[in-house]
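Structure first, commentary second.
The values are calculated or read from the model by the stated rules, or taken from the named source; none is laboratory data. Here the structure is a predicted model, which means the values were calculated and not measured. A quick note on method: Cβ atoms are made from the backbone with ideal geometry, for glycine too, and the neighbour counts reach across all protein chains shown. The protein model used for the area step is the full one, side chains on, heavy atoms only, and it has no ligands, DNA or RNA in it. Shrake-Rupley method; radii C 1.70, N 1.55, O 1.52, S 1.80 Å.
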Amino acid sequence: MFKGIILAGGAGTRLHPLTRSTSKQLLPVYNKPMIYYPLSSLMLAGIRDILIITTPQDQASFERLLADGREFGVRLQYATQPSPDGLAQAFIIGREFVGTSPVALALGDNIFYGAGLPDTLQSAAAREEGATVFGYQVRDPQRYGVVEFDAAGRAIGLEEKPAHPKSSFAVTGLYFFDNQVLDIASRLTPSARGELEITDVNLEYLRRGQLRVERLGRGVAWLDTGTHESLVQASNFIQAVEERQGLMVGCLEEIAYRMRYITGAELGQLARAMHGSSYGEYLFRILDEEDR
């Protein structure tokens, strides 16, 4: 069974002053805390045993929000990242939690939405060997880790924030690894910027011939909420989708119910706890539609 890690640490300096008193991943993205969205991605992949890595000062706030995850039909544990020393540090912090399992890493400020996404995530979680990452076409690839492809469409290279990108496909903040990742991460040396780079982990899988890069199509949205502008854009996107369709994005209670992690009675209890809010009304509507 895959385990999941959400990396929700960091200082959030690009979002100051918003993040001077609270974690970036607790900020609202329209009608939900940001952490709901990466947590929903792991749940849609079928992952129910999840470690949330936070800063020491923010851990209690995450625990108040999500508790042990039981109401969403998952098991949540918490760990702290004393200083932001790179994404790959998550596997060193979470080594005991992961044990002998494969593991998915979701960055706490990444949002995914689109048709067929659950099937894509579940297929990645069904692979027993190697690593799966997702490539997404962007206008400004120099801001990201970038995948280089050969003429047959196979990944042959990865570069972190290249000045001259060899493709327009960025590696998104969602990664699926077999258990080799624990030893790979433990042997990394810090980069020139003093961090344990996730790109170096992916490069090692590429060197071993075990890296699979799935290109997300035009029907999938990938949003990174690390700046004031992108945070507003993400909120506007979520609002537009939800207002148009009448369906929520990243609603943990609905996902838990539709994935059969919780029962209708348990969903009703959660809805009553939020009675009087539009969010609670939405949960009641799900139950009403199921009864028709």
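I'd like the carbon and sulfur percentage of the solvent accessible area for the stretch 68-135, probe radius 1.4 Å, heavy atoms only, ligands and nucleic acids excluded.
47 percent
Would you work out which of Ala90, Ile53, Thr22 lies farthest towards the positive end of the dipole of the stretch 1-105, given +1 charges on the beta-carbon of Lys and Arg and -1 on that of Asp and Glu, about the Cα centre?
Of the listed residues, the answer is Thr22.
Below 10 angstrom from the Cβ of Gly173, what's the summed charge of the other residues (Lys, Arg +1; Asp, Glu -1)?
-2
Using a Cα-Cα cut-off of under 27 Å, which lysines could be cross-linked to Lys3, ignoring same-chain neighbours fewer than 8 residues away?
Within the straight-line cut-off, Lys3 pairs with Lys24, Lys32.
Helix by helix, which DSSP H runs in the chain go 18 Å or more along their axis at the Cα atoms and have an average Kyte-Doolittle hydropathy of -1.0 or more?
228-245, 278-291
Could you check the simple spin-label distance between His275 and Gln210, using points 7 Å along Cα→Cβ, in nm with one decimal?
With each label placed 7 Å out from Cα toward Cβ, I get 5.3 nm.
May I ask you to list the GluC sites (Glu not before Pro) in the stretch 61-154 that are in a DSSP loop and have at most 16 other Cβ atoms within 10 Å of their Cβ?
Within the stretch 61-154, the qualifying GluC sites (Glu not before Pro) (loop, at most 16 other Cβ atoms within 10 Å) are Glu128, Glu129.
For the chain, what's the relative contact order in percent, using C-alpha pairs closer than 8 Å and at least 6 residues apart?
For the chain, the relative contact order is 22 percent.
Go through the stretch 166-269 and name the trypsin sites (Lys or Arg not before Pro) that are in a DSSP coil and have 14 or fewer other Cβ atoms within 10 Å of their Cβ.
Hits after loop and neighbour filter: Arg187, Arg193, Arg208, Arg218, Arg260.
What do you reckon, how do Met248, Met34, Met259 stack up by accessible area (1.4 Å probe), largest on top?
Met259, Met248, Met34
Loop only per DSSP, at most 13 neighbouring Cβ atoms within 10 Å: give me the trypsin sites (Lys or Arg not before Pro) in the stretch 1-94, ordered by residue number.
Sites meeting the loop and neighbour criteria: Arg20.
Within the stretch 1-30, name every residue whose backbone N is under 19 Å away from a label modeled 7 Å from Cα of Ile92 along the Cβ vector.
5-11
Expressed in nm to one decimal, what extension gain is obtained for the pair Asp140 and Glu63 from 0.36 nm per residue of sequence separation less their Cα-Cα distance?
24.1 nm
Run the helix sum for the chain: -39,500 (n - 2.57) per DSSP H stretch of 4+ residues, divided by residue count, reported at 222 nm to the nearest 500 deg cm²/dmol.
-10000 deg cm²/dmol
In debye, nearest 20, what is the charge dipole magnitude of the chain about its Cα centre with +1 on Lys and Arg Cβ and -1 on Asp and Glu Cβ, if you could check?
Computed charge dipole of the chain: roughly 300 debye.
Okay, which of the stretch 187-208 sit inside 18 Å, backbone N to the point 7 Å along the Cα-Cβ direction of Thr100?
Counting only backbone N, you get no residues.
Accessible area per residue of the chain at 1.4 Å probe, in Å²?
48 Å²
Gln239 label point, 7 Å along Cα→Cβ, cut-off 12 Å on backbone N: hits in the stretch 254-292?
In the stretch 254-292, the label zone of Gln239 (backbone N under 12 Å from the point 7 Å along Cα→Cβ) covers no residue.
Under the rule a/c < 1.5 gives rounded, and otherwise a/b versus b/c splits prolate from oblate, where does the stretch 55-184 land using the Cα gyration tensor?
Because a/c hits 1.5 or more and a/b exceeds b/c, the stretch 55-184 counts as prolate.
Please report, in cubic angstrom per residue, the volume enclosed by the convex hull of the alpha-carbon atoms of the stretch 140-292.
For the stretch 140-292, the hull spanned by Cα atoms encloses 195 Å³ per residue.
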